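Only the coordinates and a few stated rules stand behind these numbers; no lab work does. As the structure is a computational prediction, the values presented were derived from the model and not from experiment. We place every Cβ from the backbone using ideal geometry, glycine too, and count neighbours over all the protein chains shown.
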Amino acid sequence: MSPVFGLKISVFATFLTCVSSQILPNYLTPTDIIASRSVLPANYTPPYVFQQTDIAPKYASAKWPNGRVPYTLDPNLDASDRAEVAKAIFNIESKTCIRFVPKSTSDINYVNIERDDNSPGGGMAQLCMVGGRQWAKIKWRVAKLITHELLHTLCFHHEQSRADRDKYLDTTAQGCNIEKFNDPYNEPYSTLALLYDYVSAMHYPCDNCMVAKMPWVGDNCWNADDGALSVLDAEKINIFYGCTDGCHEYYFRTMTITPAWGREFLIYAGYDPVSGDTYYVCRAYHEGNILVGRTTPRLDGCTVAEFGVEYVKPAAESEYMVNPWNRVPLVWKATSAGVTSNNAALVALKAIPGGRSRIRWPYYVGKCALNIEGRTVYLVGRVETDGRLWAPYHGKEHYCGSYELLTCGV
Ligand SMILES: [Zn+2]
């Protein structure tokens, strides 16, 4: 092949690249968003898509300032891949204050979301904001994997790399290489004082080399076909990025480490008719589920129920729900039969997720009044995604047909 011919080919190839990048711009368009609608609510219109906002200052911190992540898309991602990217971004944005914005000319720091068929595993991404251009490489071009890689971009490491993971996972089976579950950067990795989350989008699937120690978890690790964030994933992003907008500022804190000021902002949910003690919202692990229940100032722990039985979980394993300085406008909304009959209806009501089932379904926070043993008692418990409330009282689990749902009033 003559050099001249070779040059022509090269110019032609450059021209082709040019054309294809004009057809598919390096940010998401309405076509991409519409193509991702199989998981988007019909009324979801992301305001960020076309904004070319001003530069954010480059901080020394590795966090993306204000949760704003400028991005570009690799021209090798086809229309179907781009719809999966849109789903992944929706997974993150719909539950947090993070916003992925098309890179503007003044943005210095940004992530290029790129196809890489040679990535080990399903893909890889640089952790946190690196400075300048960085990459999130996608091999399995599906929302589940893309969500996972973008969470690395946001600074989150694997759940099974947590410093406390040996309390939750058995990695000692013969012939297993546990090195691959360890933090490759040897950096201290904060748990953000959150419960260990087997179903996090950042947890590898459990197998014979990584066995859940908690009963009933089994192989329900990660376990989200659409890549949606778990309840605790959303909380950890909102805490880490200090999301203060709208409904994101409440949190759950282990009772033994909740500061005194935090206890002034617990969520009141009724009282004990005999002792007069006030009830507050709490949650605790029970056999793989994170259940919503009640606590009182006298009680050292969280009272929850499952399969008909009430359990009092110790304080070290229980968390208070806290709404610092009451910044989230929490509202108890009365519900009637059928209004909360599925998860979409609960999300539309802005129900606050308090816990989750061992297979990843969110549990919302609810309270009700029942007549038990001849007197009115007040119950606090979990609202499941079929709209039913289950709550502990006097050793048993009770069901309430009508109840009040804890929601965000914005
Ligand atoms: Zn990963």
What are the semi-axes of the equivalent ellipsoid of segment 256-347, taken as the square roots of 5 times the eigenvalues of the Cα gyration tensor, listed largest first and rounded to whole Å? 22, 19, 15
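Kindly rank 83-93, 198-208 from highest to lowest mean number of other beta carbons found within 10 Å of each residue. Each step should come with its number before you reach the end.
Working: 83-93: 24.7, 198-208: 20.5.
Per-residue Cβ counts within 10 Å, averaged per peptide and sorted highest first, yield 83-93, 198-208.
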With x for Gly and Pro, the residue-by-residue ³J(HN,Hα) of segment 94-99, computed from phi through the Karplus equation 6.51 cos²θ - 1.76 cosθ + 1.60 at θ = phi - 60° and given in whole Hz, is 5, 10, 9, 9, 5, 10
Kindly flag which residue pairs out of Lys144/Lys350; Lys167/Lys313; Lys139/Lys236; Lys213/Lys396; Lys167/Lys367 have an alpha-carbon separation exceeding 29 Å in this structure. Lys167/Lys367
Base-10 log of normalised Debye intensity for segment 209-299 (one unit scatterer per alpha-carbon) at q = 0.22 Å⁻¹: -1.24
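I need the shape label for segment 320-363. Rule: rounded when a/c is under 1.5, else prolate if a/b > b/c, else oblate, with a, b, c from the alpha carbon gyration tensor. Provide the component values of the computation, followed by the final result.
On the way: a/c = 2.60, a/b = 1.26, b/c = 2.07.
Cα axes put segment 320-363 in the oblate bin.
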State log₁₀ I(q)/I(0) for segment 251-408 at q = 0.12, 0.21 Å⁻¹ as given by the Debye formula over alpha-carbon point scatterers of equal weight, solvent excluded. -0.45, -1.47
List every residue whose amide H lies under 5 Å from the amide H of Arg99, counting only residues 5 or more places away in sequence or on a different chain, with H placed 1.01 Å from N in the peptide plane. Arg68, Val69
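Tell me which GluC sites (Glu not before Pro) from segment 327-404 have a DSSP coil assignment and no more than 15 other beta carbons within 10 Å of their own. Let's see the in-between values first.
Values: sites: Glu373, Glu384, Glu397, Glu404; in loops: Glu373, Glu384.
Answer in residue order: Glu373.
Express in nm, to one decimal, how much length is gained between Arg327 and Val309 on full extension, taking 0.36 nm for each residue of separation and deducting their alpha carbon distance. Mind showing how you got there, number by number?
Values: separation 18, 0.36 × 18 = 6.48 nm, distance 3.49 nm.
Extra length from Arg327 to Val309 when fully extended: 3.0 nm.
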Using the 10 angstrom Cβ neighbour count as an exposure proxy, how do Glu159, Glu149 rank, fewest first? Glu149, Glu159
So who's got an amide H within less than 5 Å of the one on Trp222, skipping anything under 5 residues away but keeping other chains? H placed 1.01 Å off N, in plane. Val199, Ser200, His203
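What does the extension gain come out to for Asn76 and Asp170, with contour length at 0.36 nm per residue minus their alpha carbon separation? Present the calculation step by step, with values, prior to reporting the outcome.
Numbers: separation 94, 0.36 × 94 = 33.84 nm, distance 4.02 nm.
Value of the extension gain: 29.8 nm.
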Expressed as cubic angstrom per residue, what is the convex hull volume of the alpha carbon set of segment 104-251? 141
Amide H contacts of Trp332 (H built 1.01 Å from N, under 5 Å, at least 5 apart or other chain): Thr407
Find, among the GluC sites (Glu not before Pro) in segment 285-330, those assigned to loop by DSSP (not H, G, I, E, B) with at most 16 other beta-carbon atoms within 10 angstrom. Glu287
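Please give the length that would be gained between Tyr399 and Asp226 if that part of the chain were fully extended, namely 0.36 nm times their separation in residues minus their C-alpha to C-alpha distance (nm, one decimal).
Details: separation 173, 0.36 × 173 = 62.28 nm, distance 3.08 nm.
Length gained, Tyr399 through Asp226: 59.2 nm.
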